[in-house]
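K.L.:
Just dropping this structure here.
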Amino acid sequence: MSLPAFLKNSEKRTLLLLGFSALSLGVSFFAPGILPFDAAWAAILLCGIPIVKGAVVGLVTAFDIKADVLVSLALVASLVIGETFAAGEVAFIMAIGAFLEERTVSKARAGIEKLVHLTPATARVVQDGTEHVVAAEQVEVGDVLRVLAGETVAVDGVIVMGQTSIDQSVMTGEPIPVDKGEGDEVLSGTVNQFGTFDMVAQKVGEDSSLQRMIRLVESADAGKARIVGVADRWATWIVVVALAAAAVTWLVTGEAIRAVTVLVVFCPCALVLATPTAIMAGIGNATRYGILVSQGDALERLAQVRCVAFDKTGTLTFGKPAVTEVESCIDGLSDEHLLELTASAELRSEHPLGKAIVGRWRLGRRQQGRKDALPEPEDFRLLAGRGVEARIGGNMLFAGNEALLAERGLSLPPSLGPGVAAAREQGATLVYVMDEGQVLGILALSDTLRPDAARTVRELGEAGLETVLFTGDSAQAAQHVARRTGIAEVRARCLPQDKLAAIQSAQQEGRPVCMVGDGINDAPALKCAQVGIAMGGIGSDIAIEAADIVLVSDDIGELGHLLSLSRRMMRTIHLNLAASMALNFVAIALAVTGILDPVLGALVHNVGSVAVIINSSLLLNWRRRKKADEYRG
């Protein structure tokens, strides 16, 4: 990389200036006569001037008293009495603190832009039987729109003609497309999977569901408070006390050098370093375990959390349908053969349920060590919103939902009753398999639970945290997952605004919430929560960018370590603060009595800064101690 390109990177440019400043201080201290001027001036110019400039601008324009005001006073006072090295050293230490703080500041997010891009630019308006493509913003309430397979719905409305399946995960997080027919509602931003349908527009423009969610994300982000550094929070009092102590020392002793030394040792170097060094070490620790902390103060906020809200699909579960049960009701037709017949019928289907059935058959063959191919259907037809029909071995086979069952005029045999009821209670999706005259059996498909889900919920409960389940899925599916994981509170059929309202309500009651989710529909809740954690593998880009923390490998088993790390980090910060303030008071007493001069005072004072850095660095290799039963699995 060329030097100009290197210098364009602000972080690399700062590191270069800090390195040069450190070198100049070394020359000033160990070889003071090697140059015709004091080399410490390099550190003062590179590190000190930006601090003084920032302090003056903040003080004059907004009367904003921060830690840099006291640093500037100490720096100027040291120069006035000729203690150049002390001034350079103070400026250098504070520049390091400012750099570390800047590294922990949150970066701009692009999630809003990606949400906006989900909105289709055009829509098909049907007038007098003729289609006209118009800009989406020109659609009015009452217009009839035609939506083709694969297109995104432009506005909210109701289907008036046609049947289809809609992928509405963008709004509800449901992993399986929902069958829709005449009279059913469709939402903007959702995707038409199969077939063509006509709809009447009911909510358009800013009133549509997708536009409302965009506004929710914007408002939630704006309402999240940012934590201010301890040194800046107490800066006014530190400045007042420091000036008073220096003035009293000067009046009592009559020695200006003692007053300047008081200002130097009063500089909040260690206070400035206490928080960012611990945060940087905590972020480094989290990274080792596949956790990306994208917001600097996220761990600080996580330590205050009292409730953890989980999305269901893709977070506690894998987010993909899988065959959980195959049940034949025909004598002589085994469950394995029923699965093969259904997989053959679904072989050419693009529906997620069909793909899951084919995948289950192929997995069974691999487990048996067999490599035979799935029989190809002799004829295939997609029945939009109902299922499929195919000719297998000369016989017609149908696989689909209850609508297809009713359309064929068939009823379930008594032997399937208990199995169907149990599957429905668990929130499973049922595929009925039939020929031209009878029902052959059923396949139940549902989302599967992540193996660490129950243990993670238990650990959070043992840590004193409440847990709640949010999902856009059915109440049966939500209750089934809640029972298996041990979550007591469940909220089903949640739209983005419902999750957001629940989190806002809890936080207004004094219960800071951590939201764990993966979908676009989770973005407002992730933004609004005290801390938002997104799944990095399965999660949408918008959810990841709305979150403060990302589980890169979707390992929710690391949530226990992450919570413990945040609390450990806060204990480290508190210890850093207590130790640095204690050292400050000792150094002040020595400065008042004349034992320390400005140079010696700066060195002693900086011992606290070094101690803070060492103590924080211990977090890098820290690991939560697991219980014996966890090692046993």
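The values are calculated or read from the model by the stated rules, or taken from the named source; none is laboratory data. It should be emphasised that the depicted structure is a prediction, and the values quoted were computed from it without experimental measurement. Counting neighbours? That spans all protein chains shown, and the Cβs are built from the backbone with ideal geometry, glycine included.
K.L.:
Test each condition in (1) in a helix (DSSP H, G or I); (2) at pLDDT 85 or above for residue 586 and report the one that comes out false.
P.N.:
It is condition (2) that residue 586 fails.
K.L.:
Something else about it: So which strands (runs of 3 or more DSSP E) are wholly in segment 291-392 and hold at least 3 residues that are surrounded by fewer than 18 Cβ atoms within 10 Å (Cβ to Cβ) and on the phi < 0 side of the Ramachandran plot?
P.N.:
317-328, 379-383
K.L.:
A follow-up question, please. Quick one: how many residues across segment 393-452 are assigned to a loop (DSSP other than H, G, I, E, B) and at positive phi?
P.N.:
Going through segment 393-452 one residue at a time, the tally reaches 4.
K.L.:
Show the residue pairs meeting these rules: Cβ distance below 6 Å; 6+ apart or different chains; first residue within segment 557-586 and over 29 Å from residue 459 (Cβ atoms); second residue of a type outside the set (A, V, I, L, M, F, W, C) and assigned to a helix (DSSP H, G or I).
P.N.:
Hits for this filter: 580/608; 583/608.
K.L.:
I'd like to know if segment 69-76 contains one or more residues that are in a helix (DSSP H, G or I), closer than 19 Å to residue 37 by Cα and either of a type in the set (A, V, I, L, M) or at pLDDT 80 or above (or both).
P.N.:
Yes, some residue in segment 69-76 is in a helix (DSSP H, G or I), closer than 19 Å to residue 37 by Cα and either of a type in the set (A, V, I, L, M) or at pLDDT 80 or above (or both).
K.L.:
Same structure, new question: Out of 544, 573, which single residue is of a type outside the set (Gly, Ala, Ser), assigned by TED's automatic domain parsing to the domain that holds residue 266, surrounded by 21 or more Cβ atoms within 10 Å (Cβ to Cβ) and in a helix (DSSP H, G or I)? Before the answer, list the steps.
P.N.:
Details: 544 fails: assigned by TED's automatic domain parsing to the domain that holds residue 266.
Step by step, each of 544, 573 is checked, and only 573 is of a type outside the set (Gly, Ala, Ser), assigned by TED's automatic domain parsing to the domain that holds residue 266, surrounded by 21 or more Cβ atoms within 10 Å (Cβ to Cβ) and in a helix (DSSP H, G or I).
K.L.:
Cβ contacts < 7 Å: first residue among the basic types (Lys, Arg), restricted to segment 520-549; second residue assigned to a loop (DSSP other than H, G, I, E, B), any location; separation 6+ or different chain. Result?
P.N.:
527/224
K.L.:
Mind checking which residues of segment 489-504 are in a helix (DSSP H, G or I), free of Cβ contacts under 8 Å to residues at least 60 places away in the same chain and closer than 21 Å to residue 478 by Cα?
P.N.:
Listed by number, the residues that qualify are 498, 501.
K.L.:
Cβ-Cβ distance below 9 Å, separation of 6 or more or different chains: which pairs start in segment 1-24 with a residue that is at pLDDT below 65 and end on one that is surrounded by 10 or more Cβ atoms within 10 Å (Cβ to Cβ) and part of a helix (DSSP H, G or I)?
P.N.:
Final answer for the pair search is 1/12; 6/12; 6/13; 6/16; 7/13; 7/16.
K.L.:
Follow-up question, since we're still on this one. Can you tell me which of (1) surrounded by 23 or more Cβ atoms within 10 Å (Cβ to Cβ); (2) over 33 Å from the mean Cα position of the chain (by Cα); (3) not in a helix (DSSP H, G or I) is the one residue 533 doesn't meet?
P.N.:
Every condition holds for residue 533 apart from (2).
K.L.:
Go over the candidates 448, 467, 456 one by one and state the one that is in contact with a strand residue (DSSP E or B) (Cβ under 7 Å, 6 or more places away or on another chain), surrounded by 17 or more Cβ atoms within 10 Å (Cβ to Cβ) and polar (S, T, N, Q).
P.N.:
Going through 448, 467, 456 in turn, the sole match is 467.
K.L.:
Against the condition touching a strand residue (DSSP E or B) at 6+ places or on another chain (Cβ under 8 Å), exposed (fewer than 15 other Cβ atoms within 10 Å of the Cβ) and closer than 20 Å to residue 426 by Cβ, how does residue 475 come out, does it pass? Explain how you work it out, then say what you get.
P.N.:
On the way: touching a strand residue (DSSP E or B) at 6+ places or on another chain (Cβ under 8 Å): yes; exposed (fewer than 15 other Cβ atoms within 10 Å of the Cβ): yes; closer than 20 Å to residue 426 by Cβ: yes.
Considered against the rule, which asks whether it is touching a strand residue (DSSP E or B) at 6+ places or on another chain (Cβ under 8 Å), exposed (fewer than 15 other Cβ atoms within 10 Å of the Cβ) and closer than 20 Å to residue 426 by Cβ, residue 475 comes out as yes.
K.L.:
Next question, about the same structure. Inside segment 420-459, can you point out the residues that are of a type in the set (Ser, Thr, Tyr) and either modelled with pLDDT of 90 or more or more than 35 Å from the chain's Cα centre (by Cα) (or both)?
P.N.:
Residues satisfying the conditions are 432, 456.
K.L.:
Sticking with this structure for a sec: Does segment 95-108 contain at least one residue that is over 26 Å from the mean Cα position of the chain (by Cα) and modelled with pLDDT of 75 or more?
P.N.:
Yes: segment 95-108 contains one or more residues that are over 26 Å from the mean Cα position of the chain (by Cα) and modelled with pLDDT of 75 or more.
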